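Scroll down for the structure; my scribbles are underneath it.
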Amino acid sequence: MSHDVKNIHSLWPLNIGDFQNDNHPQIKEELLNFFELYEKKLPDGNSQLRDKDHVGNHNLYQSNYDLHNEDSEILKKLFHFIAKSVLDVSKITNQKFIDKLNEEEKKYKVNINESWFIRYNKGGIVYPHHHDGFSWSCVYYVQVGADASIQNGSTYFIRPYNATSKNDFGSKYLREDTHLFTAKEGRLLVWPSFLYHGSKPYSGDKERVIISANLTVNLRD
Ligand SMILES: [Fe+2]
């Protein structure tokens, strides 16, 4: 009698893509210059943050949600890298559906629905939240000091499953109620938009600057 696993059905897989843009050192200064000019033109930033009742973010500057529509070659190139990365994660996560497609149906269109940048002041944070109504979300670290760590300026994700009362080894994979990623220049994290996340305060010499986006992926007609 054989006890080999006949199949593992990976239902609702929760994948977080982790990428590094090797080209980042060549584009960093130009991105920061662009953001500096942007802030000068729009000193109050995103109108959502000017709402006195808004408690989602603290001690930071945030742009409007249409950064991908700005007339900038460097941003266009970066959004191309982001869209490609999101497509990679989306394809891996949807592999069992892709397997059912004909070759000519395997053509994809990635839409950037919203994108913005955030410049954190010292100790600035984003509280836990999710991005409703999209497929994939991401963060790209434009600038952060070498002193960034799990405790300093990291991005955290909160387990979307109910807590388990089991403390046995078999449930170990459920015990982690948050998972943290250290911010690093040129690093891109991609996650499903429903996943709750936030950022730990960063107190370093450099200002923490990130780009974030909400995307959807469709099959092309
Ligand atoms: Fe977010």
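How many residues does region 1-22 hold that are under 18 Å from the mean Cα position of the chain (by Cα) and free of Cβ contacts under 8 Å to residues at least 60 places away in the same chain?
0
Go through (1) surrounded by fewer than 16 Cβ atoms within 10 Å (Cβ to Cβ); (2) within 30 Å of Tyr173 (Cα to Cα) one by one and return the number of the condition Phe19 breaks.
(1) is the only condition that Phe19 fails.
Can you tell me which condition Pro25 does not meet? The list is (1) within 24 Å of Ser193 (Cβ to Cβ); (2) touching a residue at least 24 places away in the same chain (Cβ under 8 Å); (3) assigned to a helix (DSSP H, G or I), and all the others hold.
Among (1) within 24 Å of Ser193 (Cβ to Cβ); (2) touching a residue at least 24 places away in the same chain (Cβ under 8 Å); (3) assigned to a helix (DSSP H, G or I), the lone unmet condition for Pro25 is (1).
Which of the residues spanning region 164-197 are among the polar types (S, T, N, Q), in a loop (DSSP other than H, G, I, E, B) and more than 13 Å from the chain's Cα centre (by Cα)? Before you say what the answer is, go through the steps one by one.
First, the residues of region 164-197 that are among the polar types (S, T, N, Q): 164-165, 167, 171, 178, 182, 193.
Imposing the further condition that a residue be in a loop (DSSP other than H, G, I, E, B) reduces the set to 164-165, 167, 182, 193.
Selection gives Thr164, Ser165, Asn167.
Tally up the residues in region 39-73 that are surrounded by fewer than 16 Cβ atoms within 10 Å (Cβ to Cβ) and either touching a residue at least 40 places away in the same chain (Cβ under 8 Å) or within 16 Å of the chain's Cα centre (by Cα) (or both), please.
6
Return the total of residues in region 1-22 being in contact with a strand residue (DSSP E or B) (Cβ under 9 Å, 6 or more places away or on another chain) and either assigned to a strand (DSSP E or B) or of a type in the set (Val, Ile, Thr) (or both).
Filtering region 1-22 for residues in contact with a strand residue (DSSP E or B) (Cβ under 9 Å, 6 or more places away or on another chain) gives 14-21.
Now restrict to residues that are either assigned to a strand (DSSP E or B) or of a type in the set (Val, Ile, Thr) (or both): 16-20.
Of the residues in that region, 5 qualify.
Mind checking whether some residue in region 163-184 is buried (at least 20 other Cβ atoms within 10 Å of the Cβ) and touching a residue at least 24 places away in the same chain (Cβ under 8 Å)?
Taking region 163-184 first, the residues buried (at least 20 other Cβ atoms within 10 Å of the Cβ) are 183.
Still in the running and touching a residue at least 24 places away in the same chain (Cβ under 8 Å): 183.
Yes - at least one qualifying residue is present in region 163-184.
Regarding region 183-200, can at least one residue be identified that is in contact with a Gly (Cβ under 6 Å, 6 or more places away or on another chain) and among the acidic types (Asp, Glu)?
no
Looking at region 136-163 only, could you name the residues that are in a strand (DSSP E or B) and more than 14 Å from the ligand (Cβ to nearest atom)?
The answer is Val142, Gln143.
Any chance you could count how many residues in region 74-127 are more than 16 Å from the ligand (Cβ to nearest atom), over 20 Å from Leu215 (Cβ atoms) and part of a strand (DSSP E or B)?
Residues in region 74-127 being more than 16 Å from the ligand (Cβ to nearest atom), over 20 Å from Leu215 (Cβ atoms) and part of a strand (DSSP E or B): 3 in total.
Bear in mind these aren't lab numbers, they're just calculated from the coordinates by the rules spelled out. Bear in mind the structure is a predicted one, so any value in this text is a computation, not a measurement. Virtual Cβ from ideal backbone geometry, glycine too; neighbours counted across all protein chains shown.
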